[in-house]
Amino acid sequence: IALTEAVYYILLSLQAPLHGYGIMQKVEGLSNGRVKLAAGTLYGALGSMVEKGWIHALPGENNSRKKEYAITDLGRSVAVKELDRLQELVTNGKQLIGG
């Protein structure tokens, strides 16, 4: 499956557990400011990825609204497969176009 850029960056950002705002900052940093996640986009993607088993929410403190998320083994596998797909795209492009 081809991942959206936002989902791919979210999976990359979760190599260590992070809360929502931390994910937003990490994605923006990884993309050199090119990808900025709005809260609705982020939390919609997180919910979908939790349902698919790619990430999971860590148990939080009782009084805290902040949820931390961590990538699962399945999520890591999905990210690796996407990386392989992207590398194939770049390789084919370089062969045909040059660069």
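The values are calculated or read from the model by the stated rules, or taken from the named source; none is laboratory data. Fair warning: this is a prediction, and the values are worked out from it, not measured in the lab. No Cβ is skipped: glycine too gets one built from the backbone with ideal geometry, and neighbour counts run over all protein chains shown. SASA here: full protein model, heavy atoms, side chains in, ligands and nucleic acids out. Shrake-Rupley method; radii C 1.70, N 1.55, O 1.52, S 1.80 Å.
A few remarks follow.
- Of all residues in the stretch 7-25, those being within 8 Å of the chain's Cα centre (by Cα) and open to solvent by 40 Å² or more (accessible area, probe 1.4 Å) number 1.
- Index of the failed condition, residue 73 passing every other in (1) charged (D, E, K, R); (2) in contact with a Leu (Cβ under 9 Å, 6 or more places away or on another chain); (3) over 13 Å from residue 12 (Cβ atoms): (2)
- Residue pairs whose Cβ atoms lie under 8 Å apart, sitting 6 or more positions apart in sequence or on different chains, and linking a residue in the stretch 87-99 that is exposed (fewer than 10 other Cβ atoms within 10 Å of the Cβ) and of a type in the set (Ser, Thr, Tyr) to a partner that is part of a helix (DSSP H, G or I) and at pLDDT below 95, do not occur here.
- Any hit, the stretch 32-45, residues being surrounded by fewer than 17 Cβ atoms within 10 Å (Cβ to Cβ), small (Gly, Ala, Ser) and outside any helix (DSSP H, G or I): yes
- Residues that are modelled with pLDDT of 95 or more and aliphatic (A, V, I, L, M) were ranked within the stretch 58-88; the one that is farthest from residue 27 (Cα to Cα) is 74.
- From the options 16, 2, residue that is closer than 15 Å to residue 71 by Cα, out of contact with any Ser or Thr (no Cβ under 9 Å at 6 or more places or on another chain) and among the hydrophobic types (A, V, I, L, M, F, W, C): 16
- Of the set (1) farther than 13 Å from residue 10 by Cβ; (2) open to solvent by less than 100 Å² (accessible area, probe 1.4 Å), all apply to residue 81 but (2).
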